[in-house]
Amino acid sequence: MTETVTTTANLNKFEKLKAEKDGLALKEEIEKIAKIGWEAMDETDRDHRLKWLGVFFRPVTPGQFMMRMRIPNGILTSSQMYVLGEVVQRYGDDGSADITTRQNIQLRGIRIEDLVDIFNKFHGVGLTTIQSGMDNVRNITGDPVAGLDAHEWYDTRELVQQIQDLFTNYGEGNPEFTNLPRKFNIAITGGRDNSVHAEINDLAFVPAFQENQERNSVTFGFNVLVGGFFSGKRCEAAIPLNVWVHPDEVVAVCKAIVEIFRDHGFRANRQKARLMWLIDEWGIDRLRREVEQRLGKELLPAAPKDEIDWEKRDHIGIYEQKQPGLYYVGLHIPVGRFCAEDMLEIARLAEVYGSGEIRLTVEQNVIIPNIAESRLQTFLQEPLLDKFAVTPGLLMRSLVSCTGAQFCNFALIETKNRALAMTKDLEKELIFAYPVRIHWTGCPNSCGQPQVADIGLMGTKIRKNGQTVEGVDIYMGGKVGKDAQLGTCVQKGIPCEDLQPVLRELLIQHFGARLREPAIV
Ligand code: SRM
Ligand code: SF4
């Protein structure tokens with residue numbers, strides 16, 4: 001023990017806690033932890049190491065933990081959704097769940113004494129929460145209509161699962177990858193509209209064809225992007241690694257890059273630890289060479305162009321699948337929040353009308369696929385669709401929000417409830433010609449991705465009339481889909497209480513919204 005302390009003395013707090021004990025070690029201590037309860041637990045285990053198991057202490061609601069799942073490619077079964085619904089159901093009003101901006105689900109209200117039971121239930125239906133927080137590879141995103149979309153280039157589902165299995169050892173935990181310098185985000189898109197926001201991931205694979213002139217043939221594969229990330233200090237879009245890979249090579253390339261990040265990424269300053277900081281130091285050519293060295297072979301240069309040639313779809317509504325006679329229906333889940341009853345009902349609808357499959361989008365919505373044409377009309381009459389609309393208002397439709405102050409202690413403002421209320425009010429005031437994507441995020445960490453929005457709102461604290469009040473910085477110019485680019489800050493420090501008229505003007509001036517005629521009485 002003394003020796004460990006000596007060798008970790010110069011490390012920052014997080015490197016030290018990781019060096020002293022791997023977060024995964026808590027897996028063996030769950031029964032003990034559940035028995036002694038959160039108040040008696042070692043504080044470092046409670047506040048940090050539990051996140052390796054996907055269990056997050058919430059200082060805002062002490063005793064009621066958040067659990068972050070892993071839902072690869074955002075796809076789950078109705079049995080899994082039943083289990084998730086049942087878990088939050090037992091917490092009554094304290095229980096709820098959120099669909100996240102990484103196509104994932106977080107549960108709220110969790111009591112630590114229930115963990116053994118909950119993990120057993122998850123195990124029974126093939127769910128895992130492992131390595132979903134802290135310095136790990138996060139939920140891997142893929143096209144939400146993979147395998148359903150007649151126009152897709154490649155069905156990403158299997159690849160995403162293989163990558164998750166690699167980094168998590170099939171959901172059991174993989175100590176090889178539990179001590180990265182920082183979080184690591186991976187996305188693979190096989191569709192034409194970049195529905196995963198490839199450009200904001202540390203590592204992304206985008207569809208591209210490689211030409212072989214000698215053989216007069218083209219082969220499908222992916223161009224590789226690296227280094228995209230958002231943080232309070234810096235935001236960068238991913239840049240080309242100048243590599244094209246065949247689908248068979250994707251998993252190995254992920255392994256090589258994450259190993260390089262693990263072994264060479266910077267660990268001294270957590271604000272400068274994401275992959276892009278290493279790329280700054282090394283240059284892209286060195287990173288590429290290191291990847292080749294790890295793989296033991298040369299890689300082909302990037303194909304000249306990506307095959308992302310569509311505007312981004314939001315998947316809300318009713319769409320034909322590539323399988324004749326089948327449809328997928330995208331339900332709008334306002335700011336991604338649902339309660340136990342909603343979750344159980346979604347599971348039921350997926351079973352009764354579809355194949356039992358449920359999908360999630362990075363816009364925090366749900367897709368139920370595989371609904372036969374003959375069942376569609378009956379499905380559309382289901383009462384749940386009054387709450388989770390198939391044709392929501394054009395502003396509500398694209399609303400995204402991070403967790404905010406209700407549960408997140410980093411938050412500078414309340415987000416989800418405020419975003420909902422303001423959007424409803426703006427829809428009462430304005431008529432829209434097309435959807436406008438507004439993203440709320442409670443602090444500069446940017447979990448709500450304001451930089452990809454038409455209008456991004458980032459929480460801040462400001463002074464108004466001598467008082468500190470909640471406010472936002474406004475981002476604009478985020479472009480998604482083909483030719484994606486990040487938005488930038490255009491206006492700083494608007495008090496939330498003054499925000500609605502500011503948004504109204506922006507929507508009228510830049511997005512074709514019109515004031516509704518006042519009612520004639
Ligand atoms: Fe995030 C930390 C919520 C997506 C950047 N994020 C947090 C924590 C864990 C902070 C905390 O412990 O309270 C938040 C948990 C609050 C809670 O109770 O829910 C949190 N992040 C979220 C979620 C739930 C937002 C949402 O409402 O959807 C998203 C969960 C994704 C998932 O399923 O894994 C979420 N976070 C993101 C994204 C968006 C993305 O991945 O596309 C980003 C920006 C992209 C990126 O990471 O490059 C993001 N979260 C951060 C950061 C800044 C990272 C950095 O390098 O500095 C932090 C703070 C940190 O890690 O130190 C953070
Ligand atoms: Fe919390 Fe800030 Fe992330 Fe919102 S952006 S969930 S407030 S850390």
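In this structure, is residue 399 within 16 Å of ligand 2 (Cβ to nearest atom) and either under 30 Å from residue 482 (Cα atoms) or among the β-branched types (Val, Ile, Thr) (or both)?
Numbers: within 16 Å of ligand 2 (Cβ to nearest atom): yes; either under 30 Å from residue 482 (Cα atoms) or among the β-branched types (Val, Ile, Thr) (or both): yes.
Judged against the criteria, residue 399 is a match.
So, in region 363-373, of the ones that are of a type in the set (A, V, I, L, M, F, W, C) and either in a loop (DSSP other than H, G, I, E, B) or away from ligand 1 (no atom under 16 Å from the Cβ) (or both), which residue ends up surrounded by the fewest Cβ atoms within 10 Å (Cβ to Cβ)?
Of the residues in region 363-373, the ones of a type in the set (A, V, I, L, M, F, W, C) are 366-368, 371-372.
Cutting the leftovers down to either in a loop (DSSP other than H, G, I, E, B) or away from ligand 1 (no atom under 16 Å from the Cβ) (or both) gives us 367-368, 371-372.
Details: 367: 23, 368: 24, 371: 24, 372: 14.
Checked region 363-373; the qualifying residue surrounded by the fewest Cβ atoms within 10 Å (Cβ to Cβ) is 372.
Looking only at region 407-425, filter to residues that are surrounded by 17 or more Cβ atoms within 10 Å (Cβ to Cβ) and of a type in the set (S, T, N, Q); which one of those is nearest to residue 108 (Cα to Cα)?
415
Okay, residues lined up against (1) touching a Lys or Arg at 6+ places or on another chain (Cβ under 8 Å); (2) within 16 Å of ligand 2 (Cβ to nearest atom):
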position: 66; (1), (2): yes, yes
position: 70; (1), (2): no, no
position: 73; (1), (2): yes, no
position: 80; (1), (2): no, no
position: 87; (1), (2): yes, no
position: 90; (1), (2): no, no
position: 93; (1), (2): no, no
position: 97; (1), (2): yes, yes
position: 100; (1), (2): yes, yes
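Are there any pairs, at least 6 apart or on different chains, whose C-beta atoms fall under 7 Å, with the first in region 434-451 and over 14 Å from residue 364 (Cα atoms) and the second basic (Lys, Arg) and more than 8 Å from ligand 2 (Cβ to nearest atom), and if so, which?
435/397
Those residues that are within 16 Å of ligand 2 (Cβ to nearest atom) and either modelled with pLDDT under 95 or over 22 Å from residue 60 (Cβ atoms) (or both), I need them from region 414-438; list them, please. Steps first, answer last, please.
Filtering region 414-438 for residues within 16 Å of ligand 2 (Cβ to nearest atom) gives 414-420, 438.
Once the filter is applied, which keeps residues that are within 16 Å of ligand 2 (Cβ to nearest atom) and either modelled with pLDDT under 95 or over 22 Å from residue 60 (Cβ atoms) (or both), region 414-438 yields only 438.
Report, by residue number, each residue of region 57-75 that is in contact with a helix residue (DSSP H, G or I) (Cβ under 8 Å, 6 or more places away or on another chain) and either modelled with pLDDT under 95 or surrounded by 24 or more Cβ atoms within 10 Å (Cβ to Cβ) (or both).
67, 72, 73
Out of all the residues in region 374-410, which are farther than 19 Å from residue 102 by Cβ and either β-branched (Val, Ile, Thr) or within 16 Å of ligand 1 (Cβ to nearest atom) (or both)?
Answer for region 374-410, where residues must be farther than 19 Å from residue 102 by Cβ and either β-branched (Val, Ile, Thr) or within 16 Å of ligand 1 (Cβ to nearest atom) (or both): 378, 390, 391, 405, 406, 409.
Could we say that residue 461 is within 16 Å of ligand 2 (Cβ to nearest atom), without any contact (Cβ under 8 Å) to a residue 60 or more places away in the chain and of a type in the set (Lys, Arg) here?
Numbers: within 16 Å of ligand 2 (Cβ to nearest atom): yes; without any contact (Cβ under 8 Å) to a residue 60 or more places away in the chain: yes; of a type in the set (Lys, Arg): yes.
It is true that residue 461 is within 16 Å of ligand 2 (Cβ to nearest atom), without any contact (Cβ under 8 Å) to a residue 60 or more places away in the chain and of a type in the set (Lys, Arg).
Among the residues of region 156-198 satisfying the criterion of being among the hydrophobic types (A, V, I, L, M, F, W, C) and in a loop (DSSP other than H, G, I, E, B), which is surrounded by the most Cβ atoms within 10 Å (Cβ to Cβ)?
Start the filter on region 156-198 by keeping residues that are among the hydrophobic types (A, V, I, L, M, F, W, C), which leaves 159-160, 163, 166-167, 177, 180, 184, 186-188, 196, 198.
Keeping just the survivors that are in a loop (DSSP other than H, G, I, E, B) gives 180, 196.
Working: 180: 25, 196: 32.
It comes out as 196.
Checking residue 30 against (1) at pLDDT 95 or above; (2) assigned to a helix (DSSP H, G or I); (3) within 26 Å of the chain's Cα centre (by Cα), only one condition comes out false. Which one?
Of everything listed in (1) at pLDDT 95 or above; (2) assigned to a helix (DSSP H, G or I); (3) within 26 Å of the chain's Cα centre (by Cα), residue 30 misses just condition (3).
Quick one: is residue 167 within 14 Å of ligand 1 (Cβ to nearest atom), farther than 23 Å from residue 11 by Cβ and of a type in the set (Phe, Trp, Tyr)? So that I can check it myself, show each step before the final result.
Working: within 14 Å of ligand 1 (Cβ to nearest atom): yes; farther than 23 Å from residue 11 by Cβ: yes; of a type in the set (Phe, Trp, Tyr): yes.
Yes, satisfied.
Hey, does region 220-233 have a residue that's within 16 Å of ligand 2 (Cβ to nearest atom), under 24 Å from residue 285 (Cβ atoms) and assigned to a strand (DSSP E or B)? Give the derivation first.
From region 220-233, those within 16 Å of ligand 2 (Cβ to nearest atom) are 229-233; that's our starting set.
If we keep only those that are under 24 Å from residue 285 (Cβ atoms) as well, we get 229.
Adding the requirement that they be assigned to a strand (DSSP E or B) leaves 229.
Yes, because at least one residue in region 220-233 is within 16 Å of ligand 2 (Cβ to nearest atom), under 24 Å from residue 285 (Cβ atoms) and assigned to a strand (DSSP E or B).
Within the group 414, 427, which residue is more than 12 Å from ligand 1 (Cβ to nearest atom), in a loop (DSSP other than H, G, I, E, B) and not aromatic (Phe, Trp, Tyr)? Walk me through how you get there before you give the answer.
On the way: 427 fails: in a loop (DSSP other than H, G, I, E, B).
It is 414.
Looking at 54, 92, 37, 109 in this structure, which one is in contact (Cβ under 8 Å) with a residue 24 or more places away in the chain, outside the structural domain of residue 410 (by TED's automatic domain parsing) and more than 25 Å from the chain's Cα centre (by Cα)? Before the answer, list the steps.
Details: 54 fails: more than 25 Å from the chain's Cα centre (by Cα); 92 fails: in contact (Cβ under 8 Å) with a residue 24 or more places away in the chain; 109 fails: more than 25 Å from the chain's Cα centre (by Cα).
Testing whether each residue is in contact (Cβ under 8 Å) with a residue 24 or more places away in the chain, outside the structural domain of residue 410 (by TED's automatic domain parsing) and more than 25 Å from the chain's Cα centre (by Cα) leaves just 37.
Within region 267-283, which residues are surrounded by fewer than 16 Cβ atoms within 10 Å (Cβ to Cβ) and assigned to a helix (DSSP H, G or I)? Break it down into steps so the answer makes sense when it comes.
If we filter region 267-283 for residues that are surrounded by fewer than 16 Cβ atoms within 10 Å (Cβ to Cβ), which is where we start, we get 268-269, 271, 280-283.
Answer for region 267-283, where residues must be surrounded by fewer than 16 Cβ atoms within 10 Å (Cβ to Cβ) and assigned to a helix (DSSP H, G or I): 271, 280, 281, 282.
Could you give me the residue pairs with C-beta distances under 7 Å whose first residue belongs to region 192-212 and is more than 19 Å from residue 255 (Cβ to Cβ), whose second residue is part of a strand (DSSP E or B) and among the hydroxyl-bearing types (Ser, Thr, Tyr) wherever it lies, and which are 6+ apart or on separate chains?
196/141; 209/219; 210/219; 212/219
With the condition kept exactly as written, say whether any residue in region 457-469 is at positive phi and over 25 Å from the mean Cα position of the chain (by Cα). Walk me through how you get there before you give the answer.
Step one: filter region 457-469 for residues at positive phi, giving 465-466.
When the remaining residues are screened for being over 25 Å from the mean Cα position of the chain (by Cα), the result is 465-466.
Looking through region 457-469, at least one residue is at positive phi and over 25 Å from the mean Cα position of the chain (by Cα).
Given the conditions (1) within 16 Å of ligand 2 (Cβ to nearest atom); (2) part of a helix (DSSP H, G or I), which single one is not true for residue 344?
With respect to (1) within 16 Å of ligand 2 (Cβ to nearest atom); (2) part of a helix (DSSP H, G or I), residue 344 is out only on (1).
List the number of the failed condition for residue 103; all other conditions in (1) buried (at least 18 other Cβ atoms within 10 Å of the Cβ); (2) of a type outside the set (Phe, Trp, Tyr); (3) part of a helix (DSSP H, G or I) hold.
With respect to (1) buried (at least 18 other Cβ atoms within 10 Å of the Cβ); (2) of a type outside the set (Phe, Trp, Tyr); (3) part of a helix (DSSP H, G or I), residue 103 is out only on (3).
In this structure, is residue 477 over 30 Å from residue 68 (Cβ atoms), at pLDDT 95 or above and not aromatic (Phe, Trp, Tyr)? Spell out the reasoning first.
Values: over 30 Å from residue 68 (Cβ atoms): yes; at pLDDT 95 or above: yes; not aromatic (Phe, Trp, Tyr): yes.
Taking the combined requirement at face value, the residue satisfies it.
Within region 488-510, is even one residue in contact (Cβ under 8 Å) with a residue 60 or more places away in the chain and within 13 Å of ligand 1 (Cβ to nearest atom)? Please lay out each step first, then the result.
The initial filter retains those residues of region 488-510 that are in contact (Cβ under 8 Å) with a residue 60 or more places away in the chain, namely 496, 499-500, 503-504, 507-508.
The next check asks that each one be within 13 Å of ligand 1 (Cβ to nearest atom); those that pass are none.
The answer is no; no qualifying residue exists.
The values are calculated or read from the model by the stated rules, or taken from the named source; none is laboratory data. If you're wondering where the values come from, they're calculated on a predicted model, not measured in any experiment. Using ideal geometry, Cβ is built from the backbone for each residue, glycine included, and neighbour counts are taken over all protein chains shown.
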